[in-house]
Structure formats: C-alpha cells, structure tokens
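Please read the structure below before turning to the comments.
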Amino acid sequence: MNSTIVINKIFLDNYKLFENFTLDLKNGLNIFDGPNGYGKTSLFDGLEYAFKGEVERIVDLIKSNKDQPLKGAIYHNKNCADKPAYSQIELEDGRIIKRNVASIKDGKNDSRLNQLGKNSGLNIIGSTMDKEKWNRIILPHDKIDTFISAYTPTERYKEWMKSAPELEAERENFIESYKALRDKE
C-alpha cells in the first residue's frame, strides 16, 4: 500500500441515504456541514465501508440487538433495497476502491461482509483481514464527535484511549509513571 492515499471522488450508489451520489474532492479542503438527515453520516459510513467492508458503529449496533436481529436494508438505500448497492472511491492516481453491498436474502439484512474483487482495490487496501490496520487509520466520525463533545480533559483522554486500543501499553506506562511521581511527592 502506498504511504499516502488521496481521495478524488466518492461514489455512493443505493447506499444508505443516497440513491446515486458523487462527491468531487479534488479542490482541497472540504467541510461537511448541514442539518441532521442530509447525509453526512451516510457519506462517512460509505468511506469506512469501502475501506473496511463494514462500519464499526453498525457492527456494534447489530451485536447489541442479537435478541431482535435487524432485518432488511442496513447499508442499502431503503427505497432501492432490491437493487445493487456499492461504495466506491476514486484515488488521485486513478485507482479505484469499490465494495459492493451484500444483497438482502431470506428476511435477513445486508450487513454481511463483502470481499473486494481483484480489480476493486484489493491491491490498494489489502485483505479484509487488514481491518484492524484500517481501524487505526480511520477514526469513525461518531468517535470524533464523542471526543469533541467531551467536557473535560479527562473525558477527552478516555474517549481518545477507547478509540486507540493499540496505545494500551503507553497508557499503562503513563499511569504507572503518574502513580510513582504522586507517591514520591
């Protein structure tokens, strides 16, 4: 994988809120603002889905509803649940990352992990087994929102640590150093 990935365009077809959507990002800094229900979450979920094959917060939601499994369109646009859906990213160098959404079968949902094909970005982002790598690179926007809305530095620290479990050893060292310093004083 290249050390830098620059996204030129995002295409979402029958994906969540969008029936057919293209966003051109070639012009530099992009800010996404708007009222609730206008697609900001769908856009960020589409990016995460293309890279990882799933959206972490949706996976957590499905796990928390095991007693009452979610049925129907999760990633599909609800108006087009019977049509193919995908999230596609065009990179600055012209390469494409495209991930199709699983079809809805037998009264279940579309949240099954779909693999990338040879010509759909596998050579760029790696296998589905590389999901943990992408979890460290892509911080889902709901975790960013939680971090930003934390009221105290301690709350922000806790949110940051929850978002970066690979820093557990550093956290433990920090706590031990703090305790030693406090005990010395």
Exercise. If you look at just the Cα atoms of region 1-118, how large are its Rg and its Dmax in Å?
Worked result: 14.7, 46
Seminar exercise, completed: Computed Rg/Rh for region 1-46 (Cα atoms; Rh = Kirkwood radius) stands at 1.00
Problem set entry | Accessible area (Å², 1.4 Å probe, nearest 10) - ASP106 | 140
Exercise. If r is the Cβ-Cβ distance from ASP33 to ASP82 and R0 is 35 Å, what FRET efficiency results, to the nearest 0.05?
Worked result: 0.60
Seminar exercise, completed: region 52-103: Kirkwood hydrodynamic radius (Cα pairs, Å) comes out at 12.9
For this session: Write out the chymotrypsin sites (Phe, Trp or Tyr not before Pro) in region 4-34 meeting two conditions: DSSP loop, and at most 15 other Cβ atoms within 10 Å of their Cβ.
Result: PHE32
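The values are calculated or read from the model by the stated rules, or taken from the named source; none is laboratory data. Here the structure is a predicted model, which means the values were calculated and not measured. A quick note on method: Cβ atoms are made from the backbone with ideal geometry, for glycine too, and the neighbour counts reach across all protein chains shown. Remember, those area values only see protein heavy atoms, side chains included, never the ligands or the DNA or RNA. Shrake-Rupley method; radii C 1.70, N 1.55, O 1.52, S 1.80 Å.
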